[in-house]
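Peer 1: Structure in structure tokens, see below.
The values are calculated or read from the model by the stated rules, or taken from the named source; none is laboratory data. Nothing here was measured: the structure is a model prediction, and the numbers come from that model. Using ideal geometry, Cβ is built from the backbone for each residue, glycine included, and neighbour counts are taken over all protein chains shown.
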Amino acid sequence: MSSVLIVIVLVCYFGVLVGISYFTSKGANSESFFSGNKQSPWYLVAFGMIGTSLSGVTFISVPGAVGAGGWHYYQLVIGFFIGYFVVSYVLLPLYYKYNLTSIYRYLEYRLGFSAYKWGAGYFIISRTLGATVRLYLVINVLQIFVFDELNLPFWFTTCLIMTMIVMYTLKGGVKTIVWTDTLQTVFMLLALVVCIFSIKDVLGWDWSSMWSHLEHKNMTSLWGTDPLKKDYFLKHILGGAFITITMTGLDQEMMQKNISVKSLKDAQKNILSFSFVLLLVNALSKTYRFE
């Protein structure tokens, strides 16, 4: 695929996102911007969270982790899965009980306004740093494979992507993000499936020979059984659970979409269904590490 065609696809893709923003922001007010009027469909939130949780970093880095340590990373994923149950049955009931828009308001109720400001402040700092790293990675990939060939500088690519992101998120708030995250997840999963089938066809393998090659390169080992090593299964599972609790359950961006769902029961269905799908998607993201 030529660089020009890729740019056209990107522009069309962002055009669709802006179109979604336009339609979802009709009649928008401050309540719909921050909470989606508590009308977000739980199944859309669940599906969109797949793309939000994985991101381009996971798409690029997890296959490398499999190449280095087999499927031991999947122990973390199992921990993630356990952590979502804690989020669903411990944290979400608190957020709905107090009808929170900002989850850090709970800190104010328990510990005072100063705790609320510190919690919100740490979120802003961590989200800014984390989003910067993820955005840099994605833009850098586009720069190397597409925009360098068109002789466009990195700063121009960055400004272009940032402008388009602001265009579709600024107006509609969380109501727009629920729908755009769903679209982004569709394309991310589609790209993942295309990668798997493309690599399989290029290498001329069928599914059984593919697994045989993975076993031959020691990439199918799942459990780390040595307590003295960093990939010991109990360390990974407990670590993964706490990562989910802190990076999802205590993260305003992730939870804002969940508390925009109409009821606690629907929000819990969203989290639990998402956690099961995440097991499958992470398995797929490891499978295309063949070379």
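Peer 1: Just to be sure, is Leu160 crowded, with 16+ Cβ neighbours inside 10 Å and part of a helix (DSSP H, G or I)?
Peer 2: Details: crowded, with 16+ Cβ neighbours inside 10 Å: yes; part of a helix (DSSP H, G or I): yes.
Yes: the conditions hold for Leu160.
Peer 1: Quick check on Met247: is it surrounded by fewer than 17 Cβ atoms within 10 Å (Cβ to Cβ) and under 15 Å from the mean Cα position of the chain (by Cα)?
Peer 2: Details: surrounded by fewer than 17 Cβ atoms within 10 Å (Cβ to Cβ): yes; under 15 Å from the mean Cα position of the chain (by Cα): yes.
Answer is yes for this residue.
Peer 1: Further, regarding this structure: Determine the pairs where a residue that is free of Cβ contacts under 8 Å to residues at least 60 places away in the same chain, located within segment 139-150, has a partner that is among the polar types (S, T, N, Q) with Cβ atoms under 6 Å apart, the partner being 6 or more residues away or on another chain.
Peer 2: Pairs that qualify, where the first residue is free of Cβ contacts under 8 Å to residues at least 60 places away in the same chain and the partner is among the polar types (S, T, N, Q), are Ile139/Thr157; Ile139/Thr158; Gln143/Thr157.
Peer 1: Here is a list: Phe14, Phe81. Which entry is more than 19 Å from Tyr168 (Cβ to Cβ) and modelled with pLDDT of 80 or more?
Peer 2: Only one candidate passes the filter, namely Phe81.
Peer 1: So, in segment 93-124, exactly how many residues are more than 30 Å from Leu10 (Cβ to Cβ) and free of Cβ contacts under 8 Å to residues at least 24 places away in the same chain?
Peer 2: Final tally of qualifying residues: 21.
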